[in-house]
Amino acid sequence: MKIAVCIKAVPDTETKINLAGDKSNIDFTGVRFLTSPYDEFAIEEALRLKEKNGGETMVFSMGGAECTDVLRDALARGVDNATHLSDPSFTNLDPLSTAKVLAAAIKDGGYDVILLGQQGVGGDNSQVPAMLAELLDLPQVTVIMKLEITGNTFKAEREIEGAHETVEGTLPVVLSAQKGLNEPRYPGIKGVMAARRKEIAVKNAEALGLAGTIGTDKAPLKLKEMALPPERPQGRVLEGDVDTQVKTLVELLKKEAQVI
Amino acid sequence: MASGILVFLEQRNGAIRKASLEALSEARRQANGKEVTALIVGENVKALSAVANKCKPTKILVVDNAQFANYSTEGYAAALTTAIKTVDPQYVFAANTSMAKDLMPRVAARHDAACVTDVSEIHVAGDRLEVVHPMYSGKTRGIFELKSNVSFITTRPNIFAVQEAENGHHAEIVDLPVTADKIRAKVTAIHASEGQKIELSEASVIVAGGRGIKGPENWNILENLCGTLGAALGASRAVVDAGWIDHQHQVGQTGKVVSPQLYIACGISGAIQHLAGMSSSKVIVAINKDAEAPIFKHATYGIVGDVFEVVPKLTEELKKHSG
Ligand SMILES: Cc1cc2nc3c(=O)[nH]c(=O)nc-3n(C[C@H](O)[C@H](O)[C@H](O)COP(=O)(O)OP(=O)(O)OC[C@H]3O[C@@H](n4cnc5c(N)ncnc54)[C@H](O)[C@@H]3O)c2cc1C
Ligand SMILES: Cc1cc2nc3c(=O)[nH]c(=O)nc-3n(C[C@H](O)[C@H](O)[C@H](O)COP(=O)(O)OP(=O)(O)OC[C@H]3O[C@@H](n4cnc5c(N)ncnc54)[C@H](O)[C@@H]3O)c2cc1C
């Protein structure tokens with residue numbers, strides 16, 4: 001079985017976000033990059049599929065130098081090979097352009113299963129997996145919490161509002177991982193050592209057959225600017241004993257805030 | 001020339017989601033005199049056009065056949081693609097639900113088009129719309145321009161108001177024949193999760209509990225408050241990871257993003273990843289025994305106190321007012 005995993009390097013969720021001077025982006029000075037949390041579930045599922053069915057795992061990440069660490073981390077966890085999709089034109093891409101780059105890298109690889117996270121933390125778009133499935137002309141199941149693969153068929157459970165849906169079909173398939181799919185392992189010291197010696201393949205736009213076709217200027221979606229959210233007005237802590245506080249709160253919710 | 005707005009209305013089990021009516025109402029407000037077309041897909045769903053009609057679309061397209069009884073990405077993508085071909089809209093709107101997040105990016109890629117999900121504000125800019133999409137879990141907002149011939153937008157539930165006409169509006173209702181020739185991933189079962197009657201992302205009031213409630217045996221204290229307020233029950237990740245409650249209740253960066261009118265955080269410290277999921281709530285109430293807890297910086301009203309004392313008293317006080 002051939003399994004591809006797509007992972008994104010994202011700022012640590014603890015990061016205090018500041019804007020760059022020209023508001024075109026966040027200020028990345030001193031920001032620590034990690035694997036997007038949902039992508040860890042995708043990596044883990046790939047490792048489990050290989051353990052069960054044999055085969056080969058490959059991890060892809062598109063972006064700048066920040067990708068190297070997350071790719072190495074995936075190798076340390078046990079993924080066989082890593083490819084860094086890197087090109088000056090792959091900077092600040094929208095979800096569709098991102099999906100186009102990933103599709104170019106994946107399309108001729110003969111993969112049976114393609115795993116992604118259900119959302120890239122930061123961009124928070126939840127778009128790349130479905131776009132990739134469309135570009136590869138493959139079926140998709142997004143936001144999965146459970147996966148069984150038997151022979152060349154899959155059975156996945158996805159989370160929807162107030163229910164779980166079971167979705168079945170035939171491989172190959174594109175899947176996006178939700179929390180709960182599995183419990184990701186952490187890299188052991190041996191894995192970390194081995195990963196250090198591994199080669200990370202690099203592919204640029206030309207190698208992917210995408211020269212001159214990708215870039216922020218080519219996409220129909222433009223990030224005009226980033227802004228900080230409006231400040232919440234200073235709240236207040238209610239005074240008095242518990243009975244008074246509770247009475248005041250109900251009054252305020254009814255009369256001032258008018259939400260009950 | 002592409003013009004007007006097509007709105008995909010999500011129905012499950014014979015009901016249109018409230019969030020879809022919000023998207024339709026917002027489309028009406030943004031249409032600026034252009035046509036607004038609603039699309040309903042399913043089996044035996046014709047009667048739902050009466051519900052859609054209240055939000056005054058110009059036209060309602062109904063795709064009604066057994067192939068669409070359950071949602072499938074490829075089936076519904078075929079229906080939406082056919083509707084786009086028929087109407088030639090400048091924008092396609094849908095509510096940002098699990099169905100739309102699965103469907104809209106796929107159809108956007110098919111049209112090589114711009115798509116922005118989870119939109120919290122829409123503005124007119126010249127002859128185009130400009131949208132706001134919260135990024136970095138609400139720590140920043142991206143302002144986006146959508147420049148494709150047809151562009152796709154999903155609206156965050158509970159932000160845009162539903163606007164219904166009293167009566168007298170009669171949208172043109174059109175049957176749209178669609179056959180999906182390729183459905184490779186099929187829904188074979190749907191299991192309702194137990195508990196939660198009100199969907200978290202659409203609830204107008206949420207009562208949420210964190211590690212301060214001490215153990216799963218104490219949820220009943222919060223459930224009583226939920227009952228009195230007609231609220232949904234939310235939770236921090238700490239208590240989900242501890243196994244006190246199912247992940248579907250989790251609010252935050254790796255849970256659900258919610259924007260209710262009222263969010264009551266009980267025994268939740270207010271970690272940045274929790275705030276990510278609820279900081280766009282209209283009113284936030286924090287109940288925490290630690291006056292220094294970060295949640296108080298974000299709360300509209302705060303009570304420094306013990307949840308085991310404050311929450312039952314609050315429930316009683318609210319009962320007095322509603323009774
Ligand atoms: C003009 C423009 C400029 C932008 N500039 C920035 C910016 O500077 N910084 C920023 O953070 N965002 C920026 N964005 C947001 C941008 O949409 C996303 O960063 C990016 O396209 C992927 O979005 P996401 O992670 O939200 O994708 P999602 O669809 O939420 O991602 C789902 C999954 O897709 C996979 N995936 C996503 N991206 C990659 C990748 N690069 N490599 C491998 N797998 C991936 C992962 O498995 C991920 O879990 C910009 C958007 C636009 C339109
Ligand atoms: C990548 C990543 C993603 C994450 N995603 C999420 C997410 O989606 N959602 C989320 O919630 N968290 C998330 N977290 C975890 C987050 O960082 C916090 O650990 C978590 O929110 C803490 O939960 P808590 O407030 O219940 O617990 P604590 O931080 O332990 O707070 C408990 C609070 O209860 C108060 N308390 C105790 N006893 C009482 C009492 N008797 N009466 C009143 N108050 C009392 C205490 O003063 C304290 O403030 C994420 C973390 C990471 C690293």
**Checking B:GLN253 against (1) surrounded by fewer than 21 Cβ atoms within 10 Å (Cβ to Cβ); (2) facing chain A (nearest Cβ under 9 Å); (3) not in a helix (DSSP H, G or I), the condition it does not meet** = (1)
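Do the conditions hold for A:GLU231, that is, is it within 11 Å of chain B (Cβ to nearest Cβ) and assigned to a loop (DSSP other than H, G, I, E, B)? Let's see the steps before the verdict.
Numbers: within 11 Å of chain B (Cβ to nearest Cβ): yes; assigned to a loop (DSSP other than H, G, I, E, B): yes.
Considered against the rule, which asks whether it is within 11 Å of chain B (Cβ to nearest Cβ) and assigned to a loop (DSSP other than H, G, I, E, B), A:GLU231 comes out as yes.
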**Request:** Tell me which residues, restricted to the stretch A:165-190, are open to solvent by 40 Å² or more (accessible area, probe 1.4 Å), closer than 23 Å to B:GLN253 by Cβ and either within 7 Å of another protein chain (Cβ to nearest Cβ) or in contact with a Gly (Cβ under 7 Å, 6 or more places away or on another chain) (or both).
**Result:** A:GLY180
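Quickly run through the stretch B:278-317 and pick out the residues that are in a helix (DSSP H, G or I), at the interface with chain A (Cβ under 7 Å from one of its Cβ atoms) and open to solvent by less than 10 Å² (accessible area, probe 1.4 Å). I'd like the intermediate steps shown before the answer.
Initial filter on the stretch B:278-317 (in a helix (DSSP H, G or I)): B:278, B:295-298, B:307-317.
Cutting the leftovers down to at the interface with chain A (Cβ under 7 Å from one of its Cβ atoms) gives us B:296, B:298, B:309-310, B:313-314, B:317.
Scanning the stretch B:278-317 gives B:VAL310, B:LEU314.
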**Prompt:** Any chance the stretch B:287-295 includes a residue that's closer than 23 Å to A:GLN258 by Cα, under 23 Å from the mean Cα position of the chain (by Cα), of a type in the set (Val, Ile, Thr) and not assigned by TED's automatic domain parsing to the domain that holds B:VAL132?
**Reply:** no
**Complete:** The condition from (1) within 12 Å of another protein chain (Cβ to nearest Cβ); (2) among the β-branched types (Val, Ile, Thr); (3) open to solvent by less than 40 Å² (accessible area, probe 1.4 Å) that B:ILE245 misses is numbered (1)
**Item:** Scan of the stretch A:7-65 for residues that are under 29 Å from A:ALA104 (Cβ atoms) and polar (S, T, N, Q), ordered by number
**Value:** A:SER24, A:ASN25, A:THR35, A:SER36, A:ASN53, A:THR57, A:SER61
**Prompt:** Is it the case that the stretch B:207-222 has a residue that's touching a helix residue (DSSP H, G or I) at 6+ places or on another chain (Cβ under 9 Å), surrounded by 19 or more Cβ atoms within 10 Å (Cβ to Cβ) and within 13 Å of another protein chain (Cβ to nearest Cβ)?
**Reply:** yes
**Message:** List the strands (runs of 3 or more DSSP E) inside the stretch A:11-127, counting only whole elements, that have at least 2 residues being open to solvent by 10 Å² or more (accessible area, probe 1.4 Å) and within 16 Å of ligand 2 (Cβ to nearest atom).
**Reply:** A:33-35
**Complete:** A:GLU206 meets each of (1) within 9 Å of another protein chain (Cβ to nearest Cβ); (2) more than 28 Å from B:ILE190 (Cβ to Cβ); (3) not aromatic (Phe, Trp, Tyr) with one exception, condition (1)
**Request:** Consider only pairs whose beta carbons are under 6 Å apart and that are at least six residues apart or on different chains; among these, list those whose first residue lies in the stretch B:113-126 and is in the same structural domain as B:SER137 (by TED's automatic domain parsing) and in contact (Cβ under 8 Å) with a residue 60 or more places away in the chain and whose second residue is away from ligand 1 (no atom under 13 Å from the Cβ) and not β-branched (Val, Ile, Thr).
**Result:** B:ASP118/B:ARG156; B:SER120/B:ARG156; B:ILE122/B:GLN30; B:ILE122/B:LEU129
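Show me the strands (runs of 3 or more DSSP E) entirely contained within the stretch B:102-188 in which 3 or more residues are crowded, with 17+ Cβ neighbours inside 10 Å and at the interface with another protein chain (Cβ under 8 Å from one of its Cβ atoms).
On the way: elements: B:115-119, B:121-125, B:128-135, B:140-146, B:151-155, B:172-175.
By residue number, B:115-119, B:128-135, B:140-146.
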**Asked** Does B:SER98 satisfy the criteria of being open to solvent by less than 10 Å² (accessible area, probe 1.4 Å), out of contact with any Gly (no Cβ under 7 Å at 6 or more places or on another chain), of a type in the set (Ser, Thr, Tyr) and at the interface with chain A (Cβ under 9 Å from one of its Cβ atoms)?
**Response** no
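The values are calculated or read from the model by the stated rules, or taken from the named source; none is laboratory data. Model, not experiment: these values are computed from the prediction. We place every Cβ from the backbone using ideal geometry, glycine too, and count neighbours over all the protein chains shown. Areas reflect the complete protein model, heavy atoms only, side chains present, ligands, DNA and RNA absent. Shrake-Rupley method; radii C 1.70, N 1.55, O 1.52, S 1.80 Å.
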